[in-house]
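Q: Below is one structure. I have some questions about it.
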């Protein structure tokens, strides 16, 4: 069985690292990658995913050869969570961010507290959050633990 995963991430290096990590964890996976809030919205409207790996800070729309891309939205990932909630979707979400602080409803929280607040608001969607670093692999274990249920159901 192929697992469909949506990755919404605008940083190329981070996107490559996450895709490689997921492919090493899940045998049969199809990863759809989007780089902005707008493209994430469009993709969420097309189908349901077993897992969405979601950055928090995203541009409004993709950069193209004719456009420099949309304005950065520090809480762009929250917009996608809101859409999932409005649509009554059950896609599971893991937030993967490089920022040690998260803004939720206009209030800045340390990472763990911010993830807890987001889980409180978007509970049935949120598996948790991972503090990503391009300088090490410390994020691998927490990300792997959050994905365990999805991995177990597909690699057996």
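Nothing in this text is a laboratory measurement; each read-out follows from the coordinates by a stated rule. Small disclaimer: the values here were computed from a predicted structure and weren't measured. No Cβ is skipped: glycine too gets one built from the backbone with ideal geometry, and neighbour counts run over all protein chains shown.
Q: Mind checking the full-extension length gain between residue 90 and residue 109? Use 0.36 nm per residue of separation minus the Cα-Cα distance, one decimal, nm.
A: Taking residue 90 through residue 109 to full extension adds about 4.3 nm, to one decimal.
Q: Compute the length gained on full extension between residue 33 and residue 120: take 0.36 nm times their separation in residues and subtract their Cα-Cα distance, giving the result in nm to one decimal.
A: 28.6 nm
Q: Normalising by the residue count of the stretch 3-155, find the relative contact order in percent from Cα pairs under 8 Å and 6+ residues apart.
A: 21
Q: In square nanometres and to one decimal, what's the mean projected area of the convex hull around the Cα atoms of the stretch 71-156?
A: Average projection, Cα convex hull of the stretch 71-156: 6.7 nm².
Q: When DSSP assigns beta bridges and you keep just the ones with both residues in the chain, what percent turn out antiparallel, to the nearest 5?
A: 25
Q: Okay, next question. Simple spin-label model, 7 Å along Cα-to-Cβ: residue 4 to residue 16 in nm?
A: 2.8
Q: OK, next. Classify the stretch 1-65 as rounded, prolate or oblate, taking a ≥ b ≥ c as the square roots of the eigenvalues of its Cα gyration tensor: rounded when a/c is under 1.5, otherwise prolate if a/b is larger than b/c and oblate if not.
A: In terms of gyration-tensor shape, oblate.
Q: Quick check: residue separation of residue 71 and residue 47 times 0.36 nm, minus the Cα distance between them. What number comes out in nm?
A: That pair, residue 71 and residue 47, stretches by 6.0 nm at full extension.
Q: Obtain the radius of gyration and the Kirkwood radius of the chain from its C-alpha atoms and give Rg over Rh.
A: 0.94
Q: Also: Quick check on the exposure proxy: order 19, 126, 56, 1 from fewest to most C-beta atoms within 10 angstrom.
A: Listed from fewest to most nearby Cβ atoms, that is 1, 19, 126, 56.
Q: What's the FRET efficiency of residue 63 with residue 148 using the Cβ-Cβ distance as r and R₀ = 41 Å, to the nearest 0.05?
A: Taking R0 as 41 Å, the efficiency between residue 63 and residue 148 is 0.75.
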